[in-house]
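Novice: The structure that follows is given in the form of structure tokens.
Bear in mind that the values in this text are calculations on the coordinates, not laboratory data. Note that this is a predicted model, so its numbers are computed, not measured. Don't worry about glycine lacking a Cβ; one is built from the backbone with ideal geometry, like all the others, and counts go over all protein chains shown.
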Amino acid sequence: MHIPDGYLSPSTCGVLYVGAMAGWYSSIKRLKRVLLSRVIPLISVFAAFSFVVMMFNLPLPGGTTGHALGVTIAAIVLGPSGAILALSIALGIQALFFGDGGITTLGANCFNMAIVGSLVAFASYRMIAAGAGLTSRRRVVAAAVAGYLAVNAAALIAAVEFGIQPMLFHDASGTPLYAPYPLRIAIPAMMIGHLTFAGLAEAAISGGLVAYLQVADSGLLRATSGVAADGDLGRSTAPSLRRLWIMIAIFMLLTPLGILAAGTAWGEWSPAQMTQTTASAPSANSAASTVPAGLQRLSNFWTAPFPAYAPAFVKSRSFGYLLSAMFGVGLLLIVSLAARSWAAKSRGKESSA
Amino acid sequence: MTPLFELRDVCFDYDGITALREVSLQIMRGDRLALVGANGSGKSTLLRILDGLCSPSRGSLYFDGQQLTAELLQRDDFALPFRRRVALVFQNPDVQLFNPTVFDEVAFAPLQLGWSKEQLLSRVEQTLEYMRLTALRDRPPYRLSGGEKKRVALASVLVLDPEVLLLDEPTAALDPRSQSQIVDLIQEWKGSSKTVISATHQLEIVEDIADRVLVLEAGQVEAMAPPQEILSNRELLLRANLVHAHRHSHNGVVHSHPHLHSHSKHEH
Amino acid sequence: MSRSFLESTTLGFGRALTRAMLSEETARERGLLQSLDPRVRVLGLFALVLAVTLSHKLVVVAALLAMSVVMAVLSRVTLFTLAKRVWLIVLGFTGVIALPALFLTPGRPVAALGGLVITSQGLHTAALLILRVETAVTLTTLLVLCTPWAHVLKALRALRLPKEAIVMMAMTYRYLFLLVETANQMFESRRSRTVGVLRPEEQRRVAARTAGVLLSKSFALSNDVYMAMQSRGFRGDVQVLSHWRLTMWDWVGLLSFLFAGSLAVWMGR
């Protein structure tokens with residue numbers, strides 16, 4: 001599932017790098033607060049461990065073999081931030097040193113497997129195992145299901161990334177410039193392999209490891225179990241916040257799909273488009289063939305900085321869409337962050353992250 | 001004279017196990033002390049407490065008259081000089097060799113302690129030469145033999161020229177030649193102002209590396225005396241699980257008495 | 001099948017180790033790439049990978065591949081090594097993926113193969129994909145073969161990557177081989193105690209148990225390493241050493257890389 005260089009266009013890679021960097025940055029901040037300087041040896045050794053797990057050629061039902069990712073057990077033992085970093089480092093070494101996965105696509109690979117994978121694994125594990133005792137069988141099942149879901153979520157995102165390439169990036173004659181298969185081929189092709197092999201491999205190793213740890217070293221399961229040493233349930237607000245981020249990022253990535261829709265959305269016409277539309281609609285009321293005077297006057301009142309969602313200097317429509325999406329989200333973020341800190345300051349308290 | 005280290009009733013528990021029980025002792029500057037005990041007797045824990053890496057669960061530890069606490073070690077003005085003066089060589093060299101190459105390993109400590117580049121480079125070269133590691137300077141740790149790893153581990157602390165050397169099993173798992181090299185090195189420091197505290201379960205080197213022996217059993221101090229006294233106390237050694245008695249034969253005669261085995265010798 | 005799990009995994013371990021060995025040997029040779037400052041190597045080869053991704057023309061990517069081959073030969077990397085370690089593997093993986101594109105891409109038909117029609121667009125896109133991947137992997141492999149890992153990381157540091165990331169990558173790499181060896185030993189001892197064929201569930205249990213033991217050991221190791229770091233003065237803000245000087249030759253090299261990359265992008269747009 002490690003995407004090599006050349007499968008994704010530079011703009012796709014760029015956007016996913018930005019997404020990955022956001023994930024890395026917030027993970028490091030969170031970990032440093034909790035673990036301080038212990039982060040370095042803990043994440044490094046765990047990354048080495050994930051690397052080794054990725055090398056296991058696991059026998060699967062049906063007589064085949066598959067490779068696991070190790071992202072689920074990382075999320076269960078270290079929590080999502082630790083898992084994001086550990087997996088990213090393992091992926092980085094695989095890309096750089098072993099040529100497994102590209103350099104331009106490292107951001108994409110980390111986004112799909114390390115970030116989305118960790119979050120889905122963690123969220124599903126917590127949801128399914130909620131309230132169960134540290135050594136209960138439900139945790140084993142939760143780990144296995146979480147692993148299955150995480151790998152397939154990562155595969156789905158990758159499939160979408162592949163699938164939008166031919167539509168957005170092709171030359172004049174219609175030759176796809178990067179991954180050549182559209183969504184309707186890319187998604188089933190990717191998912192079949194992961195729903196059957198990789199997903200099961202991850203489920204097997206995650207469930208198996210949790211079962212082993214329950215007997216041999218259950219302390220390692222405690223950190224994310226929601227059961228603190230004295231029995232109190234832990235907080236679970238942070239994962240949902242990050243999940244929100246991920247959803248936003250995904251929707252941003254999907255914005256260029258809008259180009260697929262032909263024509264202009266109903267009611268969003270410019271004056272010229274309006275005359276055209278109403279003129280072609282057979283209607284008893286022919287008075288609507290001219291544009292209302294008020295509409296005409298006000299239509300030039302405000303010229304958007306990015307008309308048609310593409311800044312003038314950007315030639316590619318799809319990249320323009322992506323840029324606009326990022327810009328829009330960024331603006332919203334800044335405004336809401338500013339509002340939040342203003343509100344907190346006026347309350348006289350320091351805002352905590 | 002203030003003792004360099006003073007422990008008063010130090011206890012250490014973790015995970016429900018008591019690793020150290022009411023250990024009290026004084027170590028003076030220039031002492032050469034051997035901590036002997038079977039595996040699990042608390043030797044490593046004691047060394048780590050002396051190096052400020054673990055805090056005692058109960059009791060107090062004093063270094064050069066100051067009480068060593070976690071808070072004190074948070075302060076740069078104490079911690080940096082302390083880390084230079086006191087050095088610990090871990091039992092497992094893989095733990096201590098976490099840098100990409102031998103050179104980086106030896107340079108790590110001076111770098112973290114803020115030495116200037118020139119000072120650092122010259123001192124690292126000096127240390128590499130002293131430990132005969134110059135040819136291995138660019139080797140990654142996984143390509144080193146056990147003896148070489150131990151020498152690098154030693155070099156990585158000797159580069160600081162520390163006052164106190166805490167050695168955890170310095171000769172364990174080494175071939176005889178590497179073992180004798182390490183013992184020679186420790187003997188070189190005899191009479192210098194260096195304080196050397198070695199933890200070992202290998203009784204045959206104790207006389208060479210120490211003037212005083214502390215026997216630990218199940219986290220408690222069983223005895224403290226010069227080496228000859230300890231080594232001749234059969235009962236004590238048996239109790240501390242440092243020697244064993246079983247039936248064996250010499251020259252065709254079968255008998256049984258306390259003795260210790262070493263790699264190649266069998267002594268009575 | 002039973003032995004295949006333990007065997008194939010240990011084979012994978014062995015491959016990782018041989019790759020590291022090969023990299024160290026080649027890095028010591030005296031060739032073109034080895035003569036350049038590691039930072040120039042990293043920047044230059046990354047710039048070329050970017051150029052590969054940015055070019056839209058087949059002929060430009062092919063030219064970049066040719067350039068990589070020339071650099072390889074001048075850096076004492078044999079074509080055989082490249083073929084074995086890069087080209088055949090990429091062909092096996094990306095080649096298989098690109099094959100259906102010959103038939104599935106809509107466009108102008110140029111040939112027919114037993115009922116299936118190959119379009120020129122299909123040919124073009126498959127060729128472009130395969131060539132791109134081959135070239136990019138060749139370039140990254142060259143970088144790693146000609147540069148000791150420690151230098152790669154230091155070069156990345158000099159290029160302003162955050163030092164925590166660099167230190168973590170260095171430590172991960174270092175302990176990778178230790179864990180691989182530990183896992184290998186566990187597998188070896190298991191194999192020597194295995195009589196006959198293990199059922200798949202048993203194999204999975206062996207895998208889980210090995211991973212579990214490895215996990216516990218990893219944790220203990222990370223705790224001990226942390227103590228070892230603290231003992232030598234690490235207080236959270238890790239310091240790294242850098243001691244490279246750029247010579248005239250390095251500047252020439254860097255400019256050549258950037259020129260070639262820019263030319264490729266411009267001609268391939």
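Novice: Using modelled amide H (1.01 Å from N, peptide plane; none on Pro or chain starts), what sits under 5 Å from the amide H of B:A223, excluding residues fewer than 5 places away?
Specialist: Sorted by chain and number, the residues that satisfy this are B:V215.
Novice: Less than 13 Å Cβ to Cβ from A:T104, Lys/Arg counted +1 and Asp/Glu -1: what total charge do the surrounding residues give?
Specialist: -1
Novice: Then there's this: Just to check I understand the Karplus step: with θ = phi - 60° and J = 6.51 cos²θ - 1.76 cosθ + 1.60, what whole-Hz values come out for segment A:192-207, glycine and proline as x?
Specialist: Couplings: 4, x, 8, 5, 9, 8, 4, x, 5, 4, 5, 4, 4, 6, 5, x Hz.
Novice: Any of B:K150/C:K163; A:K29/C:K163; B:K149/C:K84; B:K150/C:K154; B:K117/C:K154; B:K43/B:K194 with alpha carbons more than 24 Å apart? Name them for me.
Specialist: B:K150/C:K163; B:K149/C:K84; B:K150/C:K154
Novice: Kirkwood Rh, segment A:10-239, all Cα pairs: how many Å?
Specialist: Answer for segment A:10-239: a Kirkwood hydrodynamic radius of 18.2 Å.
Novice: Sort B:W189, C:W266, A:W24 by Cβ crowding within 10 Å, fewest neighbours at the top.
Specialist: Neighbour counts put them in this order, fewest first: C:W266, B:W189, A:W24.
Novice: Please say if segment B:12-168 is rounded, prolate or oblate, where rounded means a/c under 1.5 for a ≥ b ≥ c the square roots of the C-alpha gyration tensor eigenvalues, and otherwise the choice is prolate for a/b larger than b/c and oblate otherwise?
Specialist: It is prolate, given that a/c is not under 1.5 and a/b is the larger ratio.
Novice: How would you classify chain C from its alpha-carbon gyration tensor, with a ≥ b ≥ c the square roots of the eigenvalues: rounded for a/c under 1.5, else prolate if a/b is greater than b/c, otherwise oblate?
Specialist: Verdict is oblate for chain C.
Novice: Another one. Taking only Cα atoms and a 10 Å spring cutoff, compute GNM fluctuations for chain C and point out the largest among C:V49, C:V70, C:V238.
Specialist: Maximum fluctuation in the GNM of chain C, among the listed residues, is at C:V238.
Novice: Aspartates and glutamates near A:K32 by alpha-carbon distance under 20 Å, same-chain residues fewer than 8 away left out - which ones?
Specialist: A:E350, B:E71, B:D76, C:E164, C:D224, C:D237
Novice: What does the charge count around C:G14 come to, taking other residues whose C-beta lies under 11 Å from its C-beta (Lys +1, Arg +1, Asp -1, Glu -1)?
Specialist: 0
Novice: Given the -39500 (n - 2.57) contribution per DSSP H run of 4+ residues, what per-residue ellipticity at 222 nm results for chain C, rounded to the nearest 500 deg cm²/dmol?
Specialist: So the calculated ellipticity at 222 nm is -24500 deg cm²/dmol.
Novice: If you don't mind, another one. So for C:M171, C:M21, A:M191, A:M55, fewest C-beta neighbours within 10 Å to most, what's the order?
Specialist: Placing the least packed residue first, the sequence is C:M21, A:M191, A:M55, C:M171.
Novice: I would also like to ask the following. Ranked by Cβ crowding within 10 angstrom, fewest neighbours first, how are B:E188, B:E207 ordered?
Specialist: So the residues, fewest neighbours to most, are B:E188, B:E207.
Novice: Applying a 10 Å radius around every beta-carbon, put C:220-228, C:250-258 in order of their mean neighbour count, most first.
Specialist: Most protected by this proxy first, the peptides run C:220-228, C:250-258.
Novice: Tell me the net charge near C:G95. Cut-off is 15 Å between Cβ atoms, C:G95 excluded, with +1 for each Lys or Arg and -1 for each Asp or Glu.
Specialist: Residues close to C:G95 contribute a combined charge of 0.
Novice: Among C:A112, C:A98, C:A170, whose mean-square fluctuation peaks in a Gaussian network model of chain C (Cα, cutoff 10 Å)?
Specialist: Residue with maximal mean-square fluctuation among C:A112, C:A98, C:A170: C:A112.
Novice: Starting from the amide H of B:S57, placed 1.01 Å from N in the peptide plane, find each other amide H under 5 Å away whose residue is 5 or more places distant or on another chain.
Specialist: B:C11, B:F12, B:D13
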